[in-house]
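Notes follow once the structure below has been shown.
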Amino acid sequence: MNYPEFNVSVPVVFGRGAIAALGERVKELGCKKALCVYEKGVEGAGISDKALASLKAAGVEYATFNGVISDPTDAVVDAAAAAAKAAGADVFIGIGGGSSMDTAKAAAIAFETGKAAKEFILARPITINIKTPVVLVPTTAGTGSEVTAVAIISIPEVNGKWSVFTNTTLAVLDPELTFTLPKRETANTGLDALAHATEAMTTINHNIHSDLFGEAATRKIAKWLKIAYSEPSNTEARTEMMLAANFAGFAFNNPITHVGHASADAFSVKFHTPHGYNCAISLPEALALVAPELPGQAKLIAEALGIKLNGSESGEKLGALIADNIRQLMRDVEIKSLKELGYSRSDITALAHEVAQNHLSDFSPVKITDEVAEALLGRIYDTYQ
Ligand SMILES: [Fe+2]
């Protein structure tokens, strides 16, 4: 028999200024030298300096790798693993958005196993448990990667994004690290978190645990994303959004996501548009597609979004209401349409086969054939203009 599996084993240190505790917590793990993995934007915002200062204060030696890029590739992972080897590191610290944290996770596997990233990432779906500690410090309120087992890595030679699953050690969640996040990234990453929460609640593997965290995340995002977007220094909004993204990470860790993220992956590979944007643009129609199959779940999401219901709505009606609500939120945070970005309808529908073939589509309660995917992509294009 199949029983749902809840995995909430990652400790989370949370609070304004929590980055100051990073060094002591790493020291408690018994680690001597850290490799800090991040992107240049994190460095430019002065965030990596805060992490390094905390390590220094605790007497933990460190080396740095600042070569993370958006949609990190296997070559970036291999370079980070080589940097750890050269430095004699015994712990990885990923600091940044999903790209930095996923690079740290995958690099720790490459470091410990001695394998090239491509070798183990292409052997999907695969879980590789490791002994090397991995500490994760998010600097956006979106990915939730600090508490999920998954690392998503691009393999350019097969033109795709692939997943590897592993264990991590600790998350340090400091809302102050998001205070300088630009408005566009605030909007994109916040909607990515909403996609994690609501897709998790509507995969074939949704469960009471994903409902609990998914609902809480959805309520917070519905209330606070617009405020975090329009008032970037609103401390309460930043704190609530960081918690929301973290809760959404817990929500999707086991049930994963479905066709919204499958579409987003196809857009990422083809257009290199940001993951959060791709998830946002795909989400309303992805939820409208599956709502008739899971009307009870759709009702939970609609209520969490604050939609007034009379209790007699069909799954189809609930799906339409949810899609309208999310599209309004997207307008509120000035998400551009695919047309505004210069893509034609046929650019989008041409990705149907990739969407249908993506492993995330297997978690959709509606079977995603090429035809279903093509119709979905057409609606994604048409309904948000
Ligand atoms: Fe995502």
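The values are calculated or read from the model by the stated rules, or taken from the named source; none is laboratory data. No experiment lies behind these values; they were computed from the predicted model shown. Here the Cβ positions follow ideal geometry from the backbone for every residue, glycine too, while neighbour counts run over all protein chains shown.
Before we move on, is A151 within 17 Å of the chain's Cα centre (by Cα) and either within 22 Å of G46 (Cβ to Cβ) or within 16 Å of the ligand (Cβ to nearest atom) (or both)? Yes: the conditions hold for A151. Taking segment 181-205 as the range and being over 18 Å from G96 (Cα atoms) and more than 14 Å from the ligand (Cβ to nearest atom) as the test, the residues that pass are M201, T202, I204, N205. Checked against the criterion of being more than 21 Å from F271 (Cα to Cα) and surrounded by fewer than 24 Cβ atoms within 10 Å (Cβ to Cβ), the candidates I155, I128 yield just one match: I128. Inspection of segment 206-213 finds a residue satisfying the criterion of being part of a helix (DSSP H, G or I) and either within 16 Å of the ligand (Cβ to nearest atom) or surrounded by 24 or more Cβ atoms within 10 Å (Cβ to Cβ) (or both). Taking every residue in segment 293-318 that is without any contact (Cβ under 8 Å) to a residue 60 or more places away in the chain and farther than 23 Å from N205 by Cα and pairing it with any residue that is among the small types (G, A, S) and assigned to a helix (DSSP H, G or I), at least 6 positions away or on another chain, the pairs with Cβ-Cβ distances below 8 Å are L309/A302; E313/A302. Being over 14 Å from the mean Cα position of the chain (by Cα) and among the charged types (D, E, K, R) is not true of D102. The residues on offer are A149, A187, A171, and the sole one that is crowded, with 17+ Cβ neighbours inside 10 Å and at pLDDT below 95 is A149. Among the residues of segment 325-341, the one identified as over 23 Å from the mean Cα position of the chain (by Cα) and under 24 Å from V372 (Cα atoms) is K339. Please work out which residue is surrounded by the most Cβ atoms within 10 Å (Cβ to Cβ), limiting yourself to segment 220-236 and to residues that are of a type in the set (A, V, I, L, M, F, W, C) and touching a residue at least 24 places away in the same chain (Cβ under 8 Å). Selected residue: I221. Taking segment 278-292 as the search range and keeping residues that are of a type in the set (G, A, S) and farther than 17 Å from D332 by Cα, which one is surrounded by the most Cβ atoms within 10 Å (Cβ to Cβ)? Of everything passing the filter in segment 278-292, A286 is surrounded by the most Cβ atoms within 10 Å (Cβ to Cβ).
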